[in-house]
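What follows is a single structure, written as C-alpha cells, with notes after it.
The values are calculated or read from the model by the stated rules, or taken from the named source; none is laboratory data. Being a predicted model, the structure only gives us computed values, none of them experimental. All Cβ positions, even for glycine, are placed from backbone atoms using ideal geometry, and neighbour counts span all protein chains on display.
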C-alpha cells in the first residue's frame, strides 16, 4: 500500500468526523437516566446445580431411560437417582456440581435452566457423549459491581458514536445522491 494514500485517508476521515460532529452534535439525544437504570440493573445469576448424565443410542432408548429416571426421581429423589443412573463423576457426590455462574454455562444449558424453578429439573439435553438432566438446587442473583460512573460514561460514548455514525451515513448518502463522485 502507498503510505501517501493512507495518510490522505486518515486526514480525510478526521476532517469528515469533525465536520459530522460539529454539524450534528446538537441533535444527539442520549437518555442518561435510562442508561443509569440499565447500568444499575446489571445482574447475573449463580446456580447451585446437580446433574444426571446418561447415554442413549436412539430416541426410543432415550425415552425409556428418561421415563425410568423420572420415576426414580419421584420415588427416591434426584440425589439418589444420580448415584444410580448417572455416568458422570459427579454421581459420587449425588450429582452435585456446585455453584456455577450463568456466564459459564453454554447457551443451550442456560436456556433450559431458565425455564425451570428451584428444585425442578430439565428434560434431557443433548451433550457430547450423551444426555444431561439438570436440577436447580438453589440460585442467587448478584449485582455486577463495576465503577458505576465509568460504566455510564462508556455506554454514553457508545450511544453517541452510534448516533454520529448514523448521521454520517445519512449525510454521505445525501451528498452521494446530489453529487457524482468518480473515486468511489
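Can you name every residue in segment 39-68 that is part of a helix (DSSP H, G or I), touching a residue at least 12 places away in the same chain (Cβ under 8 Å), under 17 Å from residue 123 (Cβ atoms) and within 31 Å of the chain's Cα centre (by Cα)?
To start, the set of residues in segment 39-68 that are part of a helix (DSSP H, G or I) comprises 39-40, 59-68.
From the residues that got through so far, the ones that are touching a residue at least 12 places away in the same chain (Cβ under 8 Å) too are 39-40, 62, 65-66, 68.
Pick out the ones that are also under 17 Å from residue 123 (Cβ atoms) and you get 62, 65-66, 68.
Answer for segment 39-68, where residues must be part of a helix (DSSP H, G or I), touching a residue at least 12 places away in the same chain (Cβ under 8 Å), under 17 Å from residue 123 (Cβ atoms) and within 31 Å of the chain's Cα centre (by Cα): 62, 66.
Take residue 135 and decide whether it is assigned to a loop (DSSP other than H, G, I, E, B), within 22 Å of the chain's Cα centre (by Cα) and modelled with pLDDT of 90 or more.
Answer is no for this residue.
Within the group 45, 65, which residue is at pLDDT below 90, surrounded by 12 or more Cβ atoms within 10 Å (Cβ to Cβ) and in contact with a strand residue (DSSP E or B) (Cβ under 9 Å, 6 or more places away or on another chain)?
Every option except 45 fails the conditions.
Could we say that residue 165 is farther than 30 Å from residue 54 by Cβ and more than 20 Å from the chain's Cα centre (by Cα) here?
Answer is yes for this residue.
How do the pairs read when you match residues in segment 81-97 that are at negative phi and part of a helix (DSSP H, G or I) with residues anywhere that are at pLDDT below 90 and buried (at least 19 other Cβ atoms within 10 Å of the Cβ), using Cβ under 6 Å and keeping only pairs 6 or more apart or on different chains?
These pairs meet every condition: 82/91; 83/91.
Looking at 20, 11, which one is more than 30 Å from residue 118 (Cα to Cα), in contact (Cβ under 8 Å) with a residue 60 or more places away in the chain and in a helix (DSSP H, G or I)?
Details: 11 fails: in contact (Cβ under 8 Å) with a residue 60 or more places away in the chain.
Every option except 20 fails the conditions.
Within segment 68-83, can you find the residues that are out of contact with any strand residue (DSSP E or B) (no Cβ under 9 Å at 6 or more places or on another chain) and over 21 Å from residue 128 (Cα atoms)?
Scanning segment 68-83 gives 68, 71, 72, 74, 75, 76, 77, 80.
Name the residue, out of 108, 116, that is out of contact with any helix residue (DSSP H, G or I) (no Cβ under 9 Å at 6 or more places or on another chain) and assigned to a loop (DSSP other than H, G, I, E, B).
On the way: 108 fails: assigned to a loop (DSSP other than H, G, I, E, B).
Unique residue meeting the criteria: 116.
Got a number for residues in segment 107-128 being farther than 12 Å from residue 47 by Cβ, surrounded by 12 or more Cβ atoms within 10 Å (Cβ to Cβ) and out of contact with any strand residue (DSSP E or B) (no Cβ under 7 Å at 6 or more places or on another chain)?
Counting residues in segment 107-128 that are farther than 12 Å from residue 47 by Cβ, surrounded by 12 or more Cβ atoms within 10 Å (Cβ to Cβ) and out of contact with any strand residue (DSSP E or B) (no Cβ under 7 Å at 6 or more places or on another chain) gives 3.
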